[in-house]
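First the structure, in the form of structure tokens, and then the observations on it.
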Amino acid sequence: MSNNGDVAYEGDSYFFSYEETRTVDDIKRDPKVSLSFQGSKGLLGKPPIFIAVEGRAELIRDRKAFEEHWTKDLEVWFKDGVDTPGLVLIKVHATRIHYWHGMDEGEVKV
């Protein structure tokens, strides 16, 4: 999972942020994180899918890694692209993934 949908999901999610944010400070103190996702409305009025991810975050400050995950749409938030001062890439490696989809629920092996 990535901010650009061009990569296959192999248990890692990537997000760009600024170094001087509360989220980055929180990760520095404790890299255990949780992510949650909700799909759009389900088919035939059924509930959407909900996904909860537990994992460990890593802060990446490598320009090459920025380029691998960059899309032009991100320039709305980061005006200088991968050269934006204070840019950091947050990598979350999933250790547990749980989903709920209507009456169906379970865990995805990671």
> Do we have GLY86 as surrounded by 10 or more Cβ atoms within 10 Å (Cβ to Cβ), small (Gly, Ala, Ser) and in contact (Cβ under 8 Å) with a residue 40 or more places away in the chain here?
Replying inline: yes
> Which of the residues that make up segment 11-39 are part of a strand (DSSP E or B) and aliphatic (A, V, I, L, M)?
Replying inline: VAL33, LEU35
> THR95 is checked against (1) of a type outside the set (Phe, Trp, Tyr); (2) in a strand (DSSP E or B); (3) without any contact (Cβ under 8 Å) to a residue 12 or more places away in the chain and fails just one. What number does that condition carry?
Replying inline: (3)
>> Exactly one of these conditions fails for VAL82: (1) at pLDDT below 95; (2) over 20 Å from VAL108 (Cα atoms). Give me its number.
In response: (1)
> Which members of segment 40-56 meet the condition of being in a loop (DSSP other than H, G, I, E, B) and either of a type outside the set (Gly, Ala, Ser) or touching a residue at least 60 places away in the same chain (Cβ under 8 Å) (or both)?
Replying inline: LYS41, GLY42, LYS46, PRO47, PRO48
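The values are calculated or read from the model by the stated rules, or taken from the named source; none is laboratory data. On a predicted model such as this, the values are computed, not experimentally measured, just so you know. No Cβ is skipped: glycine too gets one built from the backbone with ideal geometry, and neighbour counts run over all protein chains shown.
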